[in-house]
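Below is one structure, written out as structure tokens, with a few remarks after it.
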Amino acid sequence: MTYQPELSVLKDGNAVASTAARVIAAHIEDSPAAVLGLATGRTPLAVYADLRGRVARGELSFDGVRCFSLDEYQGLPPGHPASYHSYMCRELFDHVDIRQDDWHLPDGTADDLAAAGAGYEAAIRHAGGVDLQLLGIGENGHIGFNEPGAPFESRTREVALAASTIRANASEFPPGDTPPTHALTMGIGTILEARRILLLATGSRKAKAVAAMMTGPIDPAVPASALRLHPAVTILCDAEAASCLSGDECG
Ligand code: PGA
């Protein structure tokens, strides 16, 4: 069974972020013990800023909300400035009233990464599963760090990063640091078990990946195309990220 994701093309990145924050805030207001799956990267930065603002103004509380991040670099200590642990603390967790025990990332420093992946899956299951999963999309169509070719039934596991992903994220690392080549990521199968999925895409760099996700073959070559197997996916794009969807030749 395949589905057509609900697509909203919005004016710009700010509109994408404020719409996403509104969806997440409404979800938390409706279910204060919600389980959120969270993405890192540049795209959701303004979403987290919006959510922090709501909490600072007393309009929203994360008390009781559980959060599971999608992925973490392999081998980076949690305190490394480019780790996703640091990112999530800096952008969200340090600024909201979430309980310390209620937010989780895969442990990229574990000696046994297979056990860490299985433990992460168990923790998500124990929480009752992800209610709302926030996603970005890579220029190569990846979701989380599920690079092209990742099986649709994959679970949280160690993966090798595509060279293009390492290049795209290199600027997150201090000069002189060698970016990691591997990561621990929720699998595509893990992501597809979320009850609802919200994917954000902004900027022309994402236009081809968005078109492939929405209109190309449903195939592991484009990991995000797996989202068309899920009945409750919303895609929020700005006009640039949607620019290859018209069917016209896209350069
Ligand atoms: P970006 O990354 O938000 O930094 O573009 C998205 C992704 O790679 O999933």
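The values are calculated or read from the model by the stated rules, or taken from the named source; none is laboratory data. As the structure is a computational prediction, the values presented were derived from the model and not from experiment. Backbone-built Cβ (ideal geometry, glycine too); neighbour counts: all protein chains shown.
A search for C-beta distances below 7 Å between a residue of the range 205-223 that is among the hydrophobic types (A, V, I, L, M, F, W, C) and any residue that is exposed (fewer than 15 other Cβ atoms within 10 Å of the Cβ), counting only pairs 6+ apart in sequence or on different chains, returns ALA207/CYS250; ALA211/CYS250; ILE218/THR2; ILE218/LEU229; ALA221/GLY149. Selection of first residues in the range 121-141 that are under 15 Å from ALA33 (Cα atoms) and of second residues that are loosely packed, with under 14 Cβ neighbours inside 10 Å and not basic (Lys, Arg), restricted to Cβ pairs under 9 Å at least 6 apart or on distinct chains, gives the following pairs, ordered by first then second residue: GLY128/ALA33; ASP131/SER31. For the range 37-61, a residue qualifies if it is within 16 Å of the ligand (Cβ to nearest atom) and not in a helix (DSSP H, G or I), and the qualifying residues are GLY37, LEU38, ALA39, THR40, GLY41, ARG42, THR43, PRO44. Only a single item in (1) part of a loop (DSSP other than H, G, I, E, B); (2) within 16 Å of PRO151 (Cβ to Cβ) is not met by SER225, and it is number (1).
All of (1) under 17 Å from VAL222 (Cβ atoms); (2) outside any helix (DSSP H, G or I); (3) within 16 Å of the ligand (Cβ to nearest atom) hold for ILE191 with one exception: (2). The C-beta contact set for the range 39-61 (first residue on the phi > 0 side of the Ramachandran plot, second residue at pLDDT 95 or above and within 8 Å of the ligand (Cβ to nearest atom), distance under 7 angstrom, 6+ apart or interchain) comprises GLY41/GLY136.
Checking each residue of the range 3-19 against the condition of being touching a residue at least 60 places away in the same chain (Cβ under 8 Å), over 15 Å from PHE93 (Cβ atoms), in contact with a Pro (Cβ under 9 Å, 6 or more places away or on another chain) and away from the ligand (no atom under 16 Å from the Cβ) gives at least one match. Put simply, of ALA224, ALA209, ALA201, ALA232 the only residue that is more than 14 Å from the ligand (Cβ to nearest atom) and either in contact with a helix residue (DSSP H, G or I) (Cβ under 7 Å, 6 or more places away or on another chain) or among the hydrophobic types (A, V, I, L, M, F, W, C) (or both) is ALA232.
Rundown of residues vs (1) part of a helix (DSSP H, G or I); (2) under 23 Å from GLU172 (Cα atoms); (3) of a type in the set (A, V, I, L, M, F, W, C), yes/no style:
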site	(1), (2), (3)
PHE68	no, yes, yes
GLU72	no, yes, no
LEU76	no, yes, yes
MET88	yes, yes, yes
THR109	no, yes, no
ALA115	yes, no, yes
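The requirement of being part of a helix (DSSP H, G or I) and within 12 Å of the ligand (Cβ to nearest atom) is satisfied by ALA168.
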